[in-house]
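The values are calculated or read from the model by the stated rules, or taken from the named source; none is laboratory data. In this text the structure is predicted, and so the values were computed from the model without any measurement. Every residue, glycine as well, gets a Cβ built from its backbone with ideal geometry; the counts of neighbours run over all protein chains shown. The area values use the complete protein model at the heavy-atom level, side chains included, leaving out ligands, DNA and RNA. Shrake-Rupley method; radii C 1.70, N 1.55, O 1.52, S 1.80 Å.
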Protein chains: 2
Amino acid sequence: MPDAEGHPERSEIELGAVLSALADPLRRTVIRELLRAEDDVERTCTSFGLWESKSTRTHHFRVLRQAGLVRQVDRGNMRGVTLRRADLAARFPGLLELIAGER
Amino acid sequence: MPDAEGHPERSEIELGAVLSALADPLRRTVIRELLRAEDDVERTCTSFGLWESKSTRTHHFRVLRQAGLVRQVDRGNMRGVTLRRADLAARFPGLLELIAGER
DNA sequence: GCTTAGGTACGAATGTCTACGTACCTTCGA
DNA sequence: TCGAAGGTACGTAGACATTCGTACCTAAGC
């Protein structure tokens with residue numbers, strides 16, 4: 001279980017990193033998907049639609065994780081992905097609504 | 001007066017372009033400066049602090065303009081820079097507050 | 001007319017992002 | 001035990017971003 005780490009604390013989440021992460025349309029799609037689900041559902045990385053290759057996916061989820069947008073828990077076999085809804089709402093109020101409202 | 005154009009309409013302002021533009025700390029600084037001023041003050045490009053070279057500045061202001069964040073009017077000699085406050089507030093409510101609240 | 005200040009355009013160098021293949025790891029199910 | 005599924009790590013290739021220098025333009029002031 002290599003680096004399941006790289007999660008910043010709530011107070012360490014930086015606006016620049018968040019905006020950079022959200023600048024990519026693929027990553028915005030992932031966040032929008034997570035926002036659509038009511039509560040903080042845990043999803044697998046593959047469950048978001050099969051665009052791109054495995055390694056590319058890993059890359060994008062690492063960016064999201066390191067920026068503080070999602071949390072990934074190691075389930076051995078797989079990785080549970082959850083949106084850090086409360087942290088983001090507290091740190092950057094209005095941000096998630098902005099993403100949710102796209103398109 | 002080369003391309004003083006490249007301003008998207010309000011409805012054409014895309015979230016992706018806006019987020020990309022705001023991902024850069026220099027450009028966020030410019031927007032924050034503009035937000036600090038009460039009304040839609042027209043400022044020159046040079047008035048934001050003298051970081052970097054002239055051509056780099058031009059580049060960053062072009063990104064901001066093409067993303068729809070600022071408006072640049074040709075005053076012959078200089079270029080008046082204004083924040084597209086109303087357009088942004090209408091299209092992406094909460095966005096500007098997010099930028100203003102940084103740091 | 002000349003100079004200066006504020007800007008743009010273009011090209012080049014450098015750097016960062018994105019995407020991919022390959023190899024490898026871990027668990028679940030046959 | 002042997003796949004197969006879900007992921008990571010690493011290296012690499014191509015695309016895009018950032019920065020700069022240089023040349024050029026326009027209006028204002030002398």
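Quick notes
- Under Karplus coefficients 6.51, -1.76 and 1.60, residue-wise ³J(HN,Hα) of the range B:11-25 in Hz, glycine/proline x: 6, 8, 5, 9, 4, x, 5, 5, 5, 4, 4, 7, 5, 8, x
- Environment charge at A:G16 (Cβ cut-off 13 Å; Lys +1, Arg +1, Asp -1, Glu -1): +1
- Chains A and B together, accessible area buried on both sides, 1.4 angstrom probe, square angstrom: 1100 Å²
- Accessible carbon and sulfur surface of the protein assembly as shown relative to its total accessible area, %, 1.4 Å: 51 percent
- At 1.567 mPa s and 4 °C, Stokes diffusion of the protein assembly as shown via Kirkwood alpha-carbon radius, µm² per second: 70 µm²/s
- Where chain B is rotated onto chain A, the residue of B whose Cβ comes nearest the axis, and that gap in whole Å, is B:G94, 1.
- Spatially, the range A:59-90 and the range A:4-50 are offset by 6 Å when compared through their Cα centroids.
- In this assembly of identical copies, the label point of B:R62 (Cα plus 7 Å along Cα-to-Cβ) is separated from its counterparts by 3.2 nm, sorted shortest first.
- Other copies of B:E9: label-to-label distances in nm, shortest first, labels 7 Å along the beta-carbon direction: 4.9
- Volume per residue for chain B equals 98 cubic angstrom (convex hull of Cα atoms).
- Couplings 3J(HN,Hα) of the range A:51-63, computed from phi: 3, 6, 8, 4, 5, 5, 4, 3, 4, 5, 5, 5, 4 Hz, in residue order, whole Hz [Karplus 6.51 cos²θ - 1.76 cosθ + 1.60, θ = phi - 60°; x for Gly and Pro].
- With viscosity 1.002 mPa s and temperature 20 °C, the Kirkwood radius over alpha carbon pairs of the range B:14-62 converts through Stokes-Einstein to a diffusion coefficient of 184 µm²/s.
- Placing a label point 7 Å from Cα along the Cα-to-Cβ axis, B:P93 is separated from the same position in the other copies by 1.4 nm, shortest listed first.
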